[in-house]
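Rule-based calculations on the coordinates, nothing more; no lab input. Note that this is a predicted model, so its numbers are computed, not measured. Backbone-built Cβ (ideal geometry, glycine too); neighbour counts: all protein chains shown.
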Amino acid sequence: MKPVHVCVTVFNRYDLLRKLVESLRMSHVVPVSLIVIDRGHDLVSLNKALDGGIRCGTSIIQVNLPGNCLAAAWNWFITHVPEERVIASDDIIFFPETLSEFRNTPGDFVGVEDDKGSSHFACFLIRDSCVEKIGLFDESISPNYMYFEDCDYGHRMAMADIPLLGIRHLFHAKDQSLAVRTNEQLDEHNRMFLIARDNFVKKWGRMPEPGKW
C-alpha cells in the first residue's frame, strides 16, 4: 500500500491545528509526513501548535507560500505531495481509523460524509486520477482568500460524472478556520467572501446548489 501524507492549511486557528496534531498520534496508520501551509504567517504560534510532534516515523514539514489563497495551498499539496494525500481543514479531528479508511476507499476523490452537512472538502483524499480528469483548483475564484473554490471543483466533478464519495469516521468541528476578531476584519471578510461568490456566479451563471459540496 502507498504511504499516507496529511496536508493542512492553517489561517490563524493554531488552537485547532494543535488538536488535529494530537488526534493523529492515535492513528492506526502512521502518516509519513504532516505538511502544513501557514497562511497566518505566525511562526511562533505555528511552532507552538506543532510542539511535541506526532509519532516516530512522521516528518513535520512547514511550508511558507506568499499570499493567503486556500486554492493555491491545495494546489501546492497536489503538485508537490504524492498520493495518498489527505488534505484537511484545521478543524478536523482524526479518529484512529480515519487514515486507513481514506486509503482503503477506492475512487478518484474521497471526502467527508456526516450528518452535520459538512463540506466534502473539509477533509479529502484526492488521487492523481482525479486531477488528470478535472485539473487543479481554480485560484481565480477566491484570489488571496477562501470560499467557493470547493463548490467550483465539486461542480466540475459533477459534470465529469465523478462521484463525491465520503467517509464518516472523523470529526469535523465546523469551527471557523479563520478567526474574525474585529469589525475591520469582519468587513474585510465580507468583502472577500462576496468577491468569491460573485466570481463563482460569473463562471457558472448561478449560485452553487446548497449543501451539495
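Stretched out straight at 0.36 nm per residue, the stretch from Asp128 to Asp15 would grow longer than its current Cα-Cα span by 37.5 nm. The largest-to-smallest principal axis extents of the Cα set in the range 1-79 are 34, 28, 15 Å. Beta bridges assigned by DSSP with both partners in the range 5-204 are antiparallel in approximately 30 percent of cases.
At R0 = 25 Å, how high is the FRET efficiency between Ile61 and Asn104 if r is their beta carbon distance? Nearest 0.05 is fine. Working from the Cβ atoms, E equals 0.50. Using the Cβ-Cβ distance between Met207 and Asn183 with R0 set to 35 Å, the FRET efficiency works out to roughly 0.85. If you take the charge dipole of the chain about its Cα centre, with +1 on Lys and Arg Cβ and -1 on Asp and Glu Cβ, which of Leu186, Gly52, Phe77 is farthest toward its positive end? Farthest along the dipole direction, towards plus: Gly52. Taking 1.002 mPa s as the viscosity and 20 °C as the temperature, the Stokes-Einstein diffusion coefficient of the chain based on its alpha-carbon Kirkwood radius rounds to 123 µm²/s. If only the Cβ of Lys and Arg carry +1 and only the Cβ of Asp and Glu carry -1, the dipole of the range 80-160 around its Cα centre is close to 160 debye.
What separates the Cα centres of the range 1-55 and the range 82-106 is a distance of 13 Å. Tell me, rounded to the nearest percent, the portion of alpha carbon pairs in the range 31-77 spaced more than 18 Å apart. Result: 33 percent of Cα pairs exceed 18 Å. Modelled label positions at Thr79 and Leu194, each set 7 Å beyond Cα in the direction of Cβ, lie 3.2 nm from each other.
Taking only the Cα atoms of the range 81-157, the radius of gyration and Dmax are 12.7, 36 Å. Placing a label point 7 Å from the Cα of Arg168 along the Cα-to-Cβ direction, the residues of the range 71-111 with a backbone N closer than 19 Å are 93-106, 110-111. What's the magnitude of the charge dipole for the chain around its Cα centre, counting Lys and Arg as +1 and Asp and Glu as -1 at the beta-carbon? Answer in Debye, nearest 20. Here the size comes out at about 120 debye.
Pull out a ≥ b ≥ c, the square roots of the eigenvalues of the alpha-carbon gyration tensor of the range 129-199, then state rounded if a/c is under 1.5, prolate if not and a/b is larger than b/c, and oblate in the remaining case. Oblate, because a/c is 1.5 or more while a/b does not exceed b/c. Estimated from helices alone, the mean residue ellipticity of the chain at 222 nm is -11000 deg cm²/dmol (sum of -39500 (n - 2.57) over DSSP H runs with n ≥ 4, per residue).
Given R₀ = 35 Å, FRET efficiency for Ala158-Arg25 by Cβ-Cβ distance, to 0.05? Working from the Cβ atoms, E equals 0.45. Each of Leu194, Leu46 was scored by other Cβ atoms within 10 Å of its Cβ. Listed from fewest to most, they are Leu194, Leu46.
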